[in-house]
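Just below is one structure, and these are the notes that go with it.
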Amino acid sequence: MNFKNIALATTLLTTVFLTACVAPQNNKINLAPRITLPNQDLTINATSINVVSVDNRSTATLAKLERKGELIELMPNRDVRFLLQEIVEKQMAARGFSVGGNAPVTVQIILNRLDANVTEGNLKHRIDAVVELTLQTRSVNNSLQHSKTYRGQYSLEGALTASQAKIEEVLNTVLTNAINEMAQDNSVATFIRQN
């Protein structure tokens, strides 16, 4: 190999390396929990309800981690509040409620917490995710109210550093578990039906 080829190869490798170092990172978490739908309740008779959502978190960040002296913040790929509202609408419709319109009952999904704590050492990492959701049901004149909170935790350990895919997996798992718990709980539907 002559000097000219070595210089060209070195320049090419340096360019590739520098491009990789300054390439923008994708710091978006793809929230795509599995949605569990409850069985239809034939006693509901298409009762009309409204579904609304509130995000009570102080930040939209789902996870923060420090790697090589740099703080990395992972954000959701979409508004989590609207994702949860869509899920509750689907679950309530599956039960037999008519969602939307001028309804006498409002079901509010409140996002209190959804985040992952990521710790990395030299040889292993740990990801701990926590979720807290509240379903609040109230009549149009606020005379009757019902509230139910769903909490969940999920952890995962692995070798070396935590990949974004693993953090995403843990967040989606803890969210899926809470959604499954909401689908299995009949207390909100029972409160609406009885009042």
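Please determine, by comparing only the residues of region 152-195 that are assigned to a loop (DSSP other than H, G, I, E, B) and polar (S, T, N, Q), which one is nearest to the chain's Cα centre (by Cα).
Out of the qualifying residues, it is Ser163.
Condition check: modelled with pLDDT of 95 or more and more than 27 Å from Asn39 (Cα to Cα). Does Arg126 satisfy that?
no
Give the residue that is nearest to Val130 (Cα to Cα), with candidates limited to residues of region 55-65 that are part of a strand (DSSP E or B) and within 14 Å of the chain's Cα centre (by Cα).
Within region 55-65, the match that is nearest to Val130 (Cα to Cα) is Ala63.
Could you tell me how many of the residues in region 104-115 are at pLDDT below 95 and either surrounded by fewer than 17 Cβ atoms within 10 Å (Cβ to Cβ) or over 30 Å from Ala46 (Cα atoms) (or both)?
Looking only at that region, the number is 2.
Of the residues that make up region 68-91, is at least one within 15 Å of the chain's Cα centre (by Cα), modelled with pLDDT of 90 or more, β-branched (Val, Ile, Thr) and over 18 Å from Ser147 (Cα atoms)?
yes
Going by the conditions given, is Asn50 assigned to a strand (DSSP E or B) and under 30 Å from Arg193 (Cβ atoms)?
In short, yes.
Quick check on my filter: what residues within region 121-151 are assigned to a loop (DSSP other than H, G, I, E, B), of a type in the set (A, V, I, L, M, F, W, C) and out of contact with any Pro (no Cβ under 7 Å at 6 or more places or on another chain)?
Leu123, Leu144
The values are calculated or read from the model by the stated rules, or taken from the named source; none is laboratory data. The structure displayed is predicted, hence computed values, not measured ones. With ideal geometry, Cβ positions are generated from the backbone for all residues, glycine too; neighbour counts draw on all protein chains shown.
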